Amino acid sequence: MNDYRLILFLLAALFSVWAVMARRLLTSAIMLALVSVTVSLIFFDYGAPWAGVFELSVCAGLITVLFVGAVSLIRAADEQNPENRSRFHALPLVLAAFAIASWYYLPAFFAELSAWARPGTGGGTIGLALWDMRRPDLLGQILMLAAGVFVIKSVFPRRNEK
Amino acid sequence: MNSFAMEWYLITLIMFTGFYCMLVSRSIVRQLVGLEIVSKAAMLALISAGALANNLIYAQALLITMIVIEVVVVAAGLALLVKNFRLHGAADIWKLDSLKG
C-alpha cells in the first residue's frame, strides 16, 4: 500500500469515528459526506474511476442532502432530548482495544485470504460489464428503485378529505 | 504482511466503528449513519478485492448496484424517520413499533 492510500484510509477511519462521536447530528452528516469523499478518492487511487464518480455524486451528494434535510427537521427535538453521550465517548477506547486485539490475528488471516485470489483477465470496459455481461443486474436495480418509490408512497399515503 | 492485509485490517476498523454506532445509539439518524459507515467499509472491501483479483471492472459494476441499493435503503429509512417524527415528535427507534398498522 502506498503512503497516499494509507493516509486516505486513515482519514476515512478518522472521519467515521468523528461522524459517530459528533454531538450534533448536522456535524455527523457532514462527517459522513467527508467519509464518502475520502472513499471516492481511494477508488480513484485504485484505478476505479466509475466507482469514484458514483460514490462522489450519489453518496457524498445525494445522500448528504437527504441527511441534512432530515436532520434540519428533527434538530430542535434532538437538542431538547439529547442522547446519553457516555457510550459514544467510549468509542476511541473500545476501537483501540479492538484494533490491538485484532492486530494479532486479523492481518495474518487476511494475508492467507488474499493468497486464495484467482487473478482474472482484467480486460473489458465498464460499459461492456454493465450493459452486456451483467445486464440482469440492471433489472434488479430498476426493481430496487421501484421498491424505494413504493416504500415512500406507502409511508406517506394520500389522505382522503372526508 | 502484504498491502491487502493491511487495507482489510483498516477496513475492519471502519466497519467496527459503524457497527458500534448502530449498537449504542437509539436515534434513527445515527442508526443510518452507522449503516452508511458499514456500507462504505463493504464498498472498500469490494474494490480492494477487485484490485487484488485484477477484476476492477466487475467490482465497479457490482459497486454501482450496491450504491443504488444503499440510496433506496437510506431514503426508506429517512422516510420512516420523518413519518415517526410527525406522529410522535421523536426520532427514537423504540417508538417505531407504534407505526404498525
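Key figures
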item	result
Wholly within the stretch A:62-131, helices (runs of 4 or more DSSP H) carrying at least 2 residues that are within 21 Å of B:Val29 (Cβ to Cβ) and more than 7 Å from chain B (Cβ to nearest Cβ)	A:64-80, A:86-89
Total residues in the stretch B:47-77, condition under 22 Å from A:Ala147 (Cβ atoms) and not hydroxyl-bearing (Ser, Thr, Tyr)	16
Only one of A:Val94, A:Val149 that is surrounded by 11 or more Cβ atoms within 10 Å (Cβ to Cβ), out of contact with any Cys (no Cβ under 6 Å at 6 or more places or on another chain), among the β-branched types (Val, Ile, Thr) and farther than 28 Å from B:Ile67 by Cα	A:Val94
Any hit, the stretch B:63-70, residues being within 26 Å of A:Ala117 (Cβ to Cβ), surrounded by fewer than 18 Cβ atoms within 10 Å (Cβ to Cβ) and without any contact (Cβ under 8 Å) to a residue 24 or more places away in the chain	yes
Any pair with Cβ under 6 angstrom, 6 or more apart, that starts in the stretch B:77-93 at a residue that is over 13 Å from A:Ser154 (Cα atoms) and ends at one that is of a type in the set (S, T, N, Q)	B:Ala91/B:Ser27
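Coordinate-derived values only; no laboratory data. Here the structure is a predicted model, which means the values were calculated and not measured. We place every Cβ from the backbone using ideal geometry, glycine too, and count neighbours over all the protein chains shown.
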